[in-house]
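Encoded as structure tokens, the structure appears first; notes follow it.
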Amino acid sequence: MIDFYYWPTPNGWKISIALEEMELPYETHWVNIGRGAQFGTEFLAISPNGRMPAIVDREPTGGGEPLSIFESGAILIYLAEKCGQFLPDDPGGRFDVLQWLFWQVGGVGPMFGQFGHFNLYADQKVPYALDRYGREARRLYGVMDTQLAKHEHLAGNYSIADMATWPWVVTYKRNGIDLAGDFPNVRRWYDALKERPGLRRGYDLGKEGRKALTTGPDEEGRKNLFGRS
């Protein structure tokens, strides 16, 4: 059994989708990031960066004491190796997946996140920030579109790289991205993946909690999420 520390956000969905796709047994522990649960002593012992998702595998690969892991990319690699799926064994296939996974972790997540913050949640519109992060988000969509013009999925076969990236594309409409017109290969990939039963189950975990993503956090939530004093 895996203890899964979660809140329904793009980074949380990465792991809920993976757990469902891999059919690994897990128990959900809700980390209400709008109410500061990520700063609690118990959670920080598992995730010292004070961010979810995190997991504790009570029966880790190779045996031994329960193993805690934070950072979504590390969790995805661990789970893929644990179940023997979605991360090839051969070096070529493995590093195809890993490079696209790290592309998401180092590029898509931070840039899409900053663009979404300044576009949807900032107290005031900052033209420089919207231009900088908007251009970079669209550049990354273009990189993805070029790759998906040649491959069905980011690394050929469906993998943890797709599981990591798909949740960050979910907000394309709210951020004014025209997938069909500007990035048709991303549109095809996005639509195909959302029909996967495992992905849908993972994305729907805590569906009611997603309301905060569309209505915006309250003042307490803004303090906890955005570091406002």
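Pairs meeting the criteria (first residue in the stretch 1-12 and closer than 16 Å to MET163 by Cα, second residue part of a helix (DSSP H, G or I) and of a type in the set (Phe, Trp, Tyr), beta carbons under 7 Å, at least 6 apart or on different chains) are PRO10/TRP168.
Answer with yes or no whether ASP89 is surrounded by fewer than 14 Cβ atoms within 10 Å (Cβ to Cβ) and either over 28 Å from GLY156 (Cα atoms) or aliphatic (A, V, I, L, M) (or both). It is false that ASP89 is surrounded by fewer than 14 Cβ atoms within 10 Å (Cβ to Cβ) and either over 28 Å from GLY156 (Cα atoms) or aliphatic (A, V, I, L, M) (or both). Exactly one residue among VAL97, VAL108 is among the β-branched types (Val, Ile, Thr), buried (at least 20 other Cβ atoms within 10 Å of the Cβ) and farther than 28 Å from ARG174 by Cα, and that residue is VAL97.
Per the listing ALA164, ALA137, the residue uniquely in contact with a Gly (Cβ under 9 Å, 6 or more places away or on another chain), over 16 Å from ASN119 (Cβ atoms) and in a helix (DSSP H, G or I) is ALA164.
Considering each of ARG201, ARG222, ARG188 in turn, give the residue that is modelled with pLDDT of 65 or more, over 19 Å from LYS14 (Cα atoms) and either part of a helix (DSSP H, G or I) or among the small types (Gly, Ala, Ser) (or both). Criteria check complete, one pass: ARG188. Picking from residues in the stretch 135-149 that are in contact (Cβ under 8 Å) with a residue 40 or more places away in the chain and of a type in the set (Gly, Ala, Ser), the one that is nearest to GLN104 (Cα to Cα) is ALA137.
Every residue, every condition in (1) part of a strand (DSSP E or B); (2) in contact with a strand residue (DSSP E or B) (Cβ under 6 Å, 6 or more places away or on another chain); (3) at pLDDT 95 or above; (4) on the phi < 0 side of the Ramachandran plot, yes or no:
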{"site": "THR28", "(1), (2), (3), (4)": "yes, yes, yes, yes"}
{"site": "GLY34", "(1), (2), (3), (4)": "no, no, no, yes"}
{"site": "PRO48", "(1), (2), (3), (4)": "no, no, yes, yes"}
{"site": "SER68", "(1), (2), (3), (4)": "yes, yes, yes, yes"}
{"site": "GLY73", "(1), (2), (3), (4)": "no, no, yes, yes"}
{"site": "ALA80", "(1), (2), (3), (4)": "no, no, yes, yes"}
{"site": "ASP89", "(1), (2), (3), (4)": "no, no, yes, yes"}
{"site": "ASP96", "(1), (2), (3), (4)": "no, no, yes, yes"}
{"site": "TRP100", "(1), (2), (3), (4)": "no, no, yes, yes"}
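The values are calculated or read from the model by the stated rules, or taken from the named source; none is laboratory data. Just so it is clear, the model here is predicted, and its values are computed rather than measured. Every residue, glycine as well, gets a Cβ built from its backbone with ideal geometry; the counts of neighbours run over all protein chains shown.
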